[in-house]
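**Student:** A single structure is presented below for examination.
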Amino acid sequence: MDVEWEEYGWERLGEGVGRRRLPGWDATVGLVIGRDAVLLYDTGATLAQGAELRTQVGALTGCRRVTHIALSHPHFDHVMGTAVFSGAEVFGAAGLDTLLPREREELCTDAVRHGVDARAAAEAAEILVAPRHTVSGEWTLDLGGRQVLLANIGPGHSGHDLALFVPGAPEVVFCGDLVEESGEPQAGPDAIPGRWPAALDRLLSLGGPDAVYVPGHGAVVDAAFVRRQREELARRFGVA
C-alpha cells in the first residue's frame, strides 16, 4: 500500500517500484521488487544511510534482502553505502569497477567537503564496493515475474552513467544525475558536457514519451521536462 511506503519516507511509483529522496543532498534511491530478487538503485552517501535503507527495504519487502545493486554514477552521495548490502550483486557502467578503487580517496575528500563527517567518510571509503558486473550497452535482469533493463547511456554527467528502465504501468526510468529537478544539472570535473545532450536523447528513447522519469535529485518528471533540460544543456555547453 502507498501508506506503507510513505511511512518509511518512500514514494511508490508503481507496483513494486518506488524511490526515496535521501536527506542531506536530496539524492534519489530506487527500489524494484521482483518475485525472486530485490534491486536497489544507488546506496546513499554513508554506511549509516545504507544501513537505514537496508532496514527500510526489509520492512517494505517482508524481511527480504537486497540481491542486486545498480550504481548510477561514481559520486559519493550515490555509492558510499554499498558495503552494508552483503552478498548483493553490484552493477555499474563499464569502467566503474576500476575507477572506484582508484578514486576512493577523492570520493572521501569530496564527501567531507560536502558535509559528511570525516570519520564516516573514511570508513565508507575504506570498504567501498566496486561493481562486479559492468554494463557496456544494455543488460536485462530477471527479478522473477518482472524484468528490468540497465543501460549505459552516458557519458554526460560523468564518464560512467547508468540508467534503469522498469517496464510497467507506468514505465519508470531512473536517470541518475543525468537529470536533476531540484536545481541546475551539476557539471563537475568528470562531466563530459559535449556528450550530455546525446545521453538525454538516449534516455528519452529508452523511456519514451509516457514514462515517469526519476531524477538523481528532485521530484519525478515527465519526458517534456527531460527534453527541456536537454535543450538547456545544449545551449549551456554550445552543443548543436
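**Student:** Across segment 30-46, what is the number of residues that are among the small types (Gly, Ala, Ser) and under 30 Å from ARG113 (Cβ atoms)?
**Tutor:** Total satisfying the criteria: 3.
**Student:** Residues in segment 25-48: is at least one in a helix (DSSP H, G or I), open to solvent by 40 Å² or more (accessible area, probe 1.4 Å) and in contact (Cβ under 8 Å) with a residue 60 or more places away in the chain?
**Tutor:** Yes, some residue in segment 25-48 is in a helix (DSSP H, G or I), open to solvent by 40 Å² or more (accessible area, probe 1.4 Å) and in contact (Cβ under 8 Å) with a residue 60 or more places away in the chain.
**Student:** Also, I was wondering about something else. GLU52: over 17 Å from VAL214 (Cβ atoms), free of Cβ contacts under 8 Å to residues at least 24 places away in the same chain and charged (D, E, K, R), yes or no?
**Tutor:** Yes; evaluated as a whole, the condition is true for this residue.
**Student:** Given the options GLU171, GLU184, name the one that is open to solvent by 30 Å² or more (accessible area, probe 1.4 Å) and free of Cβ contacts under 8 Å to residues at least 12 places away in the same chain.
**Tutor:** Among GLU171, GLU184, only GLU184 is open to solvent by 30 Å² or more (accessible area, probe 1.4 Å) and free of Cβ contacts under 8 Å to residues at least 12 places away in the same chain.
**Student:** Being assigned to a helix (DSSP H, G or I), farther than 21 Å from GLN49 by Cα and at pLDDT 95 or above is the requirement here; does ASP110 meet it?
**Tutor:** no
**Student:** Further question on the same structure: Listed residues VAL220, VAL239, VAL226; which is open to solvent by less than 10 Å² (accessible area, probe 1.4 Å) and aliphatic (A, V, I, L, M)?
**Tutor:** Testing whether each residue is open to solvent by less than 10 Å² (accessible area, probe 1.4 Å) and aliphatic (A, V, I, L, M) leaves just VAL226.
**Student:** Counting residues that are among the hydroxyl-bearing types (Ser, Thr, Tyr), which strands (runs of 3 or more DSSP E) fully inside segment 138-240 reach at least 1?
**Tutor:** 138-142, 212-217
The values are calculated or read from the model by the stated rules, or taken from the named source; none is laboratory data. Keep in mind it's a predicted model, so treat the numbers as computed, not measured. We place every Cβ from the backbone using ideal geometry, glycine too, and count neighbours over all the protein chains shown. For the accessible areas, the whole protein counts, side chains as well, though only heavy atoms, and no ligand, DNA or RNA atoms are used. Shrake-Rupley method; radii C 1.70, N 1.55, O 1.52, S 1.80 Å.
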